[in-house]
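Structure first, commentary second.
The values are calculated or read from the model by the stated rules, or taken from the named source; none is laboratory data. Everything numeric in this text was worked out from a predicted model, so none of it was measured. Here the Cβ positions follow ideal geometry from the backbone for every residue, glycine too, while neighbour counts run over all protein chains shown. Surface areas here come from the heavy atoms of the whole protein model, side chains and all, with no ligands, DNA or RNA. Shrake-Rupley method; radii C 1.70, N 1.55, O 1.52, S 1.80 Å.
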Amino acid sequence: MKKRCALLATCMLAAMSLFAAGANERTGGAKAAPKYPNGNFDFVAPAGAGGGWDLTIRTVAKVLGDTKLVNASMPVRNAPGAGGAVHLGTLQTKKGDDKTITVYSPPIIFFNLNGTSPYGWRNTTPLARLIADYAAFVVRADSPYQTINDVMDALKKNPKAVKIGGTSAAGSMDHVQFLIVADSAGVKNLDKIDYVAFDDDGATQVMGGHIDLFSTSLADVMGLVQSGDLKCLAQTADHRVGEGAQHDIPTCKEEGIDVTFQNWRGLFGSPDMPDYAVAYWRDTLKKMVQTQEWKDMEKQYGWDDVYLDKPEFEQFLVETENSYKDILTKIGMI
């Protein structure tokens, strides 16, 4: 009887092992993905309220909610500091997190190259490139500078004649996009141009006379341009964008300055974001950009659709990083 029981137990264990092996083969040995989403998301704009990052991620949250593509809460919070570098540092404490979604644009490359942060886009999980905005250079309506060439002529005579301001750090996007245009216009001594960085609304600074010109993104200031409080001297697309007052803004190329600059924006997850979360967001964002609700928002804000899925986005980041490195080296900012 003992021998029979032992034999029976051995047969049962063997059968169970064969069953487990078959199941493991069918699932590839991987653990089943958890239910996702399984709680509130944490949508982060790594800058103050009212800026381009804030507008972009709030628009994403709104469209995802309105279209029911995401049936979880997507509260948006602002985490300003050092032009986005502070939040990127905080993100390093959330490795493997599946809840945090943040927006970045060229500064995520700039502040790593210029030494503002030891971290860059490789210390995140890129998900998708979504839209392109363009640089805009605005002054008070009563400014003595009524064209972008007025500004460049003044700087050619004296690089400290015009005080430039932006909401990114020195050596980051708002600063560098202006220097790129100034360099193409023939301005010398770029490192001597006065640049002031603000964590808050730069439009208030230029309207208050604290700076002469605000270097920013086109979508950020269109309300004040349309109201007549600010005048936009030029934008950096290779074509007229938007409608109405936005479409009336000349390009730098039209003003005789042969240069363009694209302010792309994309979404990123925390470092080492789990595969199931990455797959979810790739699929969801691909669907979002095809909705009429998203296309309406692009039209409203004058954004160009430049969607790239994760693999293509990562390749774009590598190529763009090399391009920015060349620019920063040329103007002495590396």
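Consider region 192-212 and keep the residues that are aliphatic (A, V, I, L, M) and surrounded by fewer than 22 Cβ atoms within 10 Å (Cβ to Cβ). The one that is nearest to residue 172 (Cα to Cα) is 197. In region 196-209, the count of residues that are part of a strand (DSSP E or B) and among the polar types (S, T, N, Q) is zero.
Restricting region 63-106 to residues that are β-branched (Val, Ile, Thr) and within 25 Å of residue 286 (Cβ to Cβ) leaves a set whose member that is nearest to the chain's Cα centre (by Cα) is 103. When residue 264 is tested against (1) assigned to a loop (DSSP other than H, G, I, E, B); (2) within 19 Å of residue 181 (Cα to Cα); (3) open to solvent by less than 60 Å² (accessible area, probe 1.4 Å), exactly one condition is not met: (1). Listed by first and then second residue, the pairs with beta-carbon distance under 7 Å, at least 6 apart or on different chains, first residue in region 192-208 and more than 16 Å from residue 54 (Cα to Cα) and among the hydrophobic types (A, V, I, L, M, F, W, C), second open to solvent by 60 Å² or more (accessible area, probe 1.4 Å) and assigned to a strand (DSSP E or B), are 206/140; 207/140. Restricting 308, 328, 233 to residues that are open to solvent by less than 60 Å² (accessible area, probe 1.4 Å), at pLDDT 95 or above and within 21 Å of the chain's Cα centre (by Cα) narrows the list to 308. Candidates are the residues of region 26-55 that are at pLDDT below 95, surrounded by 14 or more Cβ atoms within 10 Å (Cβ to Cβ) and not in a loop (DSSP other than H, G, I, E, B); the one that is nearest to the chain's Cα centre (by Cα) is 53.
Would a scan of region 288-304 turn up a residue that is touching a residue at least 24 places away in the same chain (Cβ under 8 Å) and in a strand (DSSP E or B)? Within region 288-304, one or more residues are touching a residue at least 24 places away in the same chain (Cβ under 8 Å) and in a strand (DSSP E or B).
Quick check, is residue 273 crowded, with 21+ Cβ neighbours inside 10 Å and touching a Ser or Thr at 6+ places or on another chain (Cβ under 6 Å)? Here the answer is yes, as residue 273 does meet what is asked.
Here residue 80 meets the list (1) closer than 22 Å to residue 314 by Cα; (2) part of a loop (DSSP other than H, G, I, E, B) almost entirely, failing just condition (1).
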